[in-house]
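Before any comments, here is the structure.
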Amino acid sequence: MPSIGTPFHPVLDTDPVKQYREDYRKYREGHAKGARGEAKDATSRPRSKSQGGKGELPEDSIFGGSDDIQNMYDLLTEWRVRYRAFRRGEAHGSEGEVGRLASMFNKDHLKLLPVWQLRALQVYLKKQQLLPAVPPPLKRKIHFHFGAGKLALGLIFKAMARSAVQESSRIVVVQRASDAWQDVVKHSHPDVTFSVNGTAVMALKVCRPGEQIDKSLFLSDEPVGAAAPCGYFLLHGSTPEETAKVDELISWAVSTDCPLRAVFSASLGPALEKGVSPVLSKLEDKPQGKRPAMYGCENDQKAVEKLGETLKGKVDTVKCMVDRICAERSVIVPAGGDLPCDVNVTAEPFSGEIVVLSPPEDAPRPAFVGGNVQIPILEAQARYFCQRKILCVNGMHTTLAFMTLCKFEKGNRPGEHELMTWETATEAEKERLWAWAVSRCILCVFEHDVDIIKSAHNVTTDKEVCEILLAYAKKTLDRFSTVKDTTTRVLSGGIVNRYQTRLKMVQDFLDASKPDSSPAGRELLRQAGISAETLQGHVRALVADAKRFASTEGQADQQTPAAPAAAPQQPADAGAGMASLRSLIGIPTWMASVVSTMRNFGYGAGEDKSPSRNR
């Protein structure tokens, strides 16, 4: 067996780290010495007292903005690529350059490593073993949702309705009685129904301006039928009396007088701060574990973070990833007063997805139920769900855009075309699209430890993981066939940027780490019915053909204003000259383990002073 090489950083040149690296290498090669349990346990060896520290680093922060995560992936990826080159003896992978990049790491970078994710899962499972076999019963919830916009109607309301039926939750939708809702205000029926694509999903009682809410509906623990009102649609005015009505109800809901546990969510878009802060800022400050949770169901994650700062100490603000295209909302008013108004939203056939991004352990879960609702127990699982969406949905959207340009444009000027889809593609184009979808699935299992993916989906085998990923990829391709789009809109983030960060990065990943180099990669290829050589051929062919649109000359001639010339995004702190790759590719797994071990031993760039949090 080849000897263990020199560590990339002097602080790793210690006997415990060297022993761990040797054990882990033996485990990877199948020796009895270095068995899986032994190699895993190595990362939990106690640190030397002389190295200080306060125990395990907290798993505190969730995600910053998407650009922040992108930059962290970029920096971590370049380090892994350069380290691999250094191990092969290539000039551009010099030890000094590897060390320079590593010096920029902080805890958040290292938490993207698969081995760090696996370590977090081990810690969680050990804690679960200490919990009582039968958990205490949970209080029923009263769930306040701010906003009845298209996304809320098309995605969130159905999840809340399932919670009302299955968990006996009670729902309050808080909505300003604007002009758009005057038909409901003026209608005489006491109820209102909400529908998606013509199918009713939830019924609520209407509380109009000037009316008061009857709390008896909340106090009853009788199960709610699918068609029965499960709460209130609180249409409020802007007078002091109307404001006091909302404040009084929420104040009661968070008090000890209420038998239910209050939880909040919001989907207000740009009006998030304006719609939520004036109401929830009136709550009392409470210690961790006693505060209600506020789930921000917004694509603008920075807006949710800003709201969290405003409401700090009053609620635990949790970000959610939401994904469904909802096109049009209409209010259908029946003749007479015998039937309720029906609020219908037109949405894509895809049922959408809600991913709750690692709420505090002691915060009440939202009243969301359904197969399209993901409530991860670990930050690593949440990162996986989000990255799966970015790779398969955003990434394949970009792939379709470049394939469309390559098909219809002979030169290097990217004109505007309606996006090709799986439905309109030829058999040869479908083969190429499938190769790209499978490539992104392979990248996904490189970015995230397979055991993390198994735990996220509650499965136990690599085969099941691959089935789930390929089914998601196929559903995504089918989804694009139901929505018309254009190359200009999809590539509006900048053609050079999209080429580098969503197209060429896949080829770079496959070139540095072959698609069949891991068990999961081989299983994905087997189930997908494609060879590694064919897959790489399709990827290289599109990258080569699309390069003409990302060239400097092509961008100089470009006339499409929505897709201006743009250089690849650079990590904010990684220095100039780094190509944006984003994928986590291929240094030996033991090297990632060493980095995690370094943190466990108290080393790493950037001092972390955030308080530890139980999970």
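For residues that are under 30 Å from the mean Cα position of the chain (by Cα) and free of Cβ contacts under 8 Å to residues at least 40 places away in the same chain, tally how many sit in region 405-420.
Total satisfying the criteria: 1.
Any residue in region 253-260 that is under 35 Å from the mean Cα position of the chain (by Cα) and of a type in the set (D, E, K, R)?
Scanning region 253-260 turns up no residue that is under 35 Å from the mean Cα position of the chain (by Cα) and of a type in the set (D, E, K, R).
Among the residues of region 202-216, which ones are surrounded by 20 or more Cβ atoms within 10 Å (Cβ to Cβ) and out of contact with any Leu (no Cβ under 8 Å at 6 or more places or on another chain)?
M202, A203, L204
If I go through region 320-342 residue by residue, how many of them are of a type in the set (A, V, I, L, M, F, W, C) and closer than 22 Å to Y295 by Cβ?
As a first pass, look at region 320-342 and keep what is of a type in the set (A, V, I, L, M, F, W, C): 320-322, 325-327, 331-333, 335, 339, 341.
When the remaining residues are screened for being closer than 22 Å to Y295 by Cβ, the result is 320-322, 325-326.
Summing the residues that are of a type in the set (A, V, I, L, M, F, W, C) and closer than 22 Å to Y295 by Cβ in region 320-342 gives 5.
From V496, V438, V465, which residue is crowded, with 20+ Cβ neighbours inside 10 Å and under 18 Å from the mean Cα position of the chain (by Cα)?
V465
Please verify whether region 372-383 includes one or more residues that are surrounded by 19 or more Cβ atoms within 10 Å (Cβ to Cβ), more than 17 Å from the chain's Cα centre (by Cα) and either of a type in the set (S, T, N, Q) or not assigned by TED's automatic domain parsing to the domain that holds V196 (or both).
no
Mind listing whichever residues of region 143-172 are within 25 Å of the chain's Cα centre (by Cα) and not in a helix (DSSP H, G or I)?
Matches in region 143-172: H143, F144, H145, F146, G147, A148, G149.
Right, G371: over 30 Å from G308 (Cβ atoms), in a loop (DSSP other than H, G, I, E, B) and of a type outside the set (S, T, N, Q) or not?
Details: over 30 Å from G308 (Cβ atoms): no; in a loop (DSSP other than H, G, I, E, B): yes; of a type outside the set (S, T, N, Q): yes.
It is false that G371 is over 30 Å from G308 (Cβ atoms), in a loop (DSSP other than H, G, I, E, B) and of a type outside the set (S, T, N, Q).
Looking at (1) within 27 Å of W181 (Cβ to Cβ); (2) out of contact with any Ser or Thr (no Cβ under 6 Å at 6 or more places or on another chain); (3) free of Cβ contacts under 8 Å to residues at least 40 places away in the same chain, can you tell me which one V333 breaks?
In the conditions (1) within 27 Å of W181 (Cβ to Cβ); (2) out of contact with any Ser or Thr (no Cβ under 6 Å at 6 or more places or on another chain); (3) free of Cβ contacts under 8 Å to residues at least 40 places away in the same chain, V333 misses (3) alone.
Return only the number of the condition from (1) modelled with pLDDT under 95; (2) touching a helix residue (DSSP H, G or I) at 6+ places or on another chain (Cβ under 6 Å) that G269 does not satisfy.
Condition not satisfied by G269: (2).
Of all residues in region 196-220, count the ones that are within 32 Å of the chain's Cα centre (by Cα) and in a strand (DSSP E or B).
Final tally of qualifying residues: 7.
Among the numbered conditions (1) at pLDDT below 95; (2) more than 20 Å from V450 (Cα to Cα), tell me where P515 comes up short.
So the condition that P515 fails would be (2).
Kindly list the number of the only condition in (1) part of a helix (DSSP H, G or I); (2) within 24 Å of V263 (Cα to Cα) that fails for T193.
Answer for T193: the failing condition is (1).
Based on what the data block shows, is D221 surrounded by fewer than 20 Cβ atoms within 10 Å (Cβ to Cβ), in contact (Cβ under 8 Å) with a residue 40 or more places away in the chain and not small (G, A, S)?
yes
Sort through V343, V331, V373 and tell me the only one that's of a type in the set (A, V, I, L, M), at pLDDT 90 or above and under 30 Å from F446 (Cα atoms).
Of the residues listed, the single one that is of a type in the set (A, V, I, L, M), at pLDDT 90 or above and under 30 Å from F446 (Cα atoms) is V373.
If you take the residues of region 447-462 that are under 20 Å from V356 (Cα atoms) and polar (S, T, N, Q), which of them is surrounded by the most Cβ atoms within 10 Å (Cβ to Cβ)?
The residue in question is S455.
Counting only residues that are over 16 Å from N394 (Cα atoms) and not assigned by TED's automatic domain parsing to the domain that holds A544, give me the helices (runs of 4 or more DSSP H) lying completely in region 430-517 with at least 1 of them.
none
State whether one or more residues within region 183-193 are charged (D, E, K, R), assigned by TED's automatic domain parsing to the domain that holds V315, surrounded by fewer than 12 Cβ atoms within 10 Å (Cβ to Cβ) and closer than 30 Å to M321 by Cα.
Taking region 183-193 as the starting set, the residues that turn out to be charged (D, E, K, R) are 183, 186, 191.
The next check asks that each one be assigned by TED's automatic domain parsing to the domain that holds V315; those that pass are 183, 186, 191.
Those still in the list that are surrounded by fewer than 12 Cβ atoms within 10 Å (Cβ to Cβ) too: 186.
Checking the rest, the ones that are also closer than 30 Å to M321 by Cα come to none.
Among the residues of region 183-193, not one is charged (D, E, K, R), assigned by TED's automatic domain parsing to the domain that holds V315, surrounded by fewer than 12 Cβ atoms within 10 Å (Cβ to Cβ) and closer than 30 Å to M321 by Cα, which makes the answer no.
Residue check, P223 against (1) farther than 30 Å from A380 by Cβ; (2) modelled with pLDDT under 90; (3) in a helix (DSSP H, G or I), all met but one. Which one?
Against the list (1) farther than 30 Å from A380 by Cβ; (2) modelled with pLDDT under 90; (3) in a helix (DSSP H, G or I), P223 comes up short only on (3).
So is E167 assigned by TED's automatic domain parsing to the domain that holds P364, surrounded by fewer than 24 Cβ atoms within 10 Å (Cβ to Cβ) and more than 21 Å from A367 (Cα to Cα) or not?
Spelling it out, it is not the case that E167 is assigned by TED's automatic domain parsing to the domain that holds P364, surrounded by fewer than 24 Cβ atoms within 10 Å (Cβ to Cβ) and more than 21 Å from A367 (Cα to Cα).
The values are calculated or read from the model by the stated rules, or taken from the named source; none is laboratory data. Just so it is clear, the model here is predicted, and its values are computed rather than measured. For neighbour counting, all protein chains shown are included, and Cβ atoms are generated from backbone atoms with ideal geometry for every residue, glycine included.
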